[in-house]
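K.L.:
Handing you a structure now.
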Amino acid sequence: MTKQTFSIITFELGPMDNFIYLIHDHQTQRAAVVDPAWNVGELTQTARQQQLQITDVLLTHTHYDHLNGLTPLLKDWDAQVHISKQEAEFIECKLSDNVVLHEDNDTILLGNTKIKVWHMPGHTPGSVCYDLGEHLITGDTLFVSGCGRCDLRGGDPAQLYYSLKKLAQFPPEILIYPGHNYGKTPTSTIREQLATNPFMHFNNRDNFVKYRRQLKKS
């Protein structure tokens with residue numbers, strides 16, 4: 001078994017139960033923040049206590065509750081911002097001068113840690129998941145026992161249906177890290193979600209679209 005090159009530190013912040021993740025590459029002490037929002041001072045304090053250097057920011061998508069801490073974070077850290085090309089075309093505000101646009105199946109290197117980028121449209125046009133092997137950061141594409149809403153600007157439940165089908169093909173033991181604490185547990189596995197998540201049980205796109213539109217939230 002290959003020794004894990006990284007750790008994931010989880011923060012639950014803000015009025016919408018957001019999960020913000022700090023990925024720590026063990027050998028280089030580099031760190032990446034996933035979806036910086038709300039009290040980013042807590043992330044900064046943790047990074048400095050553990051002598052980490054925040055060099056990267058990974059955005060799963062660009063809704064306000066997932067990036068409202070980006071500007072204050074970049075005032076303290078000279079970090080490179082990663083976002084999908086499709087999401088960058090969708091938003092109307094400027095994120096940063098140091099942005100890398102990604103396509104599906106791109107790889108981000110955080111020291112010795114490889115992070116695969118998977119385009120998962122539906123919640124937004126450019127939503128992505130970040131794959132670290134046995135760990136998958138799913139943003140608002142897949143929650144524990146739920147999935148992201150599609151009634152906000154750019155959402156498309158038909159696209160989300162296919163994204164969830166794509167996630168269903170991932171290794172069953174992979175551990176998911178969602179964008180919000182909306183389930184009974186903070187994390188889960190693909191196997192558990194295939195068994196218990198109602199949004200993963202559809203085999204007809206139109207029926208999924210109808211069901212998703214009936215519910216504003218998961």
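K.L.:
Counting just the residues of region 112-145 that are among the β-branched types (Val, Ile, Thr) and under 14 Å from the mean Cα position of the chain (by Cα), which one comes out nearest to Lys3 (Cα to Cα)?
P.N.:
That would be Ile115.
K.L.:
Can you tell me which residue in region 152-211 is farthest from Pro121 (Cα to Cα), limited to those that are touching a residue at least 60 places away in the same chain (Cβ under 8 Å) and in contact with a Phe, Trp or Tyr (Cβ under 8 Å, 6 or more places away or on another chain)?
P.N.:
Among residues in region 152-211 that are touching a residue at least 60 places away in the same chain (Cβ under 8 Å) and in contact with a Phe, Trp or Tyr (Cβ under 8 Å, 6 or more places away or on another chain), the one farthest from Pro121 (Cα to Cα) is Pro186.
K.L.:
Identify all residues within region 30-64 that are closer than 19 Å to Gly154 by Cβ and either more than 12 Å from the chain's Cα centre (by Cα) or not acidic (Asp, Glu) (or both); write none if there are none.
P.N.:
Ala37, Leu59, Thr60, His61, Thr62, His63, Tyr64
K.L.:
Determine whether region 156-173 contains at least one residue that is under 16 Å from the mean Cα position of the chain (by Cα), within 23 Å of Gly14 (Cα to Cα) and buried (at least 20 other Cβ atoms within 10 Å of the Cβ).
P.N.:
no
K.L.:
Restricting to strands (runs of 3 or more DSSP E) lying wholly in region 8-124: which have 2 or more residues that are crowded, with 21+ Cβ neighbours inside 10 Å and touching a residue at least 40 places away in the same chain (Cβ under 8 Å)?
P.N.:
Result: 18-25, 30-34, 53-58, 80-84, 113-119.
Residues checked against (1) aliphatic (A, V, I, L, M); (2) in a strand (DSSP E or B):
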| site | (1), (2) |
| --- | --- |
| Gln159 | no, no |
| Leu164 | yes, no |
| Pro172 | no, no |
| Tyr177 | no, yes |
| Tyr182 | no, no |
| Thr185 | no, no |
| Asp206 | no, no |
| Tyr211 | no, no |
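K.L.:
Looking at (1) within 15 Å of the chain's Cα centre (by Cα); (2) at pLDDT 95 or above, which one does Leu109 not meet, given that it meets all the others?
P.N.:
(1)
K.L.:
Take the residues in region 151-175 that are hydrophobic (A, V, I, L, M, F, W, C) and modelled with pLDDT of 95 or more; name whichever of them is farthest from Ile23 (Cα to Cα).
P.N.:
Ala158
This table checks each residue for (1) under 16 Å from Val99 (Cβ atoms); (2) modelled with pLDDT of 95 or more; (3) not small (Gly, Ala, Ser).
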{"residue": "His26", "(1), (2), (3)": "no, yes, yes"}
{"residue": "Ala31", "(1), (2), (3)": "no, yes, no"}
{"residue": "Arg48", "(1), (2), (3)": "no, yes, yes"}
{"residue": "His66", "(1), (2), (3)": "yes, yes, yes"}
{"residue": "His82", "(1), (2), (3)": "yes, yes, yes"}
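K.L.:
Further, regarding this structure: Report whether or not Thr141 is surrounded by fewer than 17 Cβ atoms within 10 Å (Cβ to Cβ) and either among the small types (Gly, Ala, Ser) or touching a residue at least 40 places away in the same chain (Cβ under 8 Å) (or both).
P.N.:
no
The values are calculated or read from the model by the stated rules, or taken from the named source; none is laboratory data. All values reported here derive from a predicted model rather than from experimental measurement. Neighbour counts run over all protein chains shown; Cβ positions are idealised from the backbone, glycine included.
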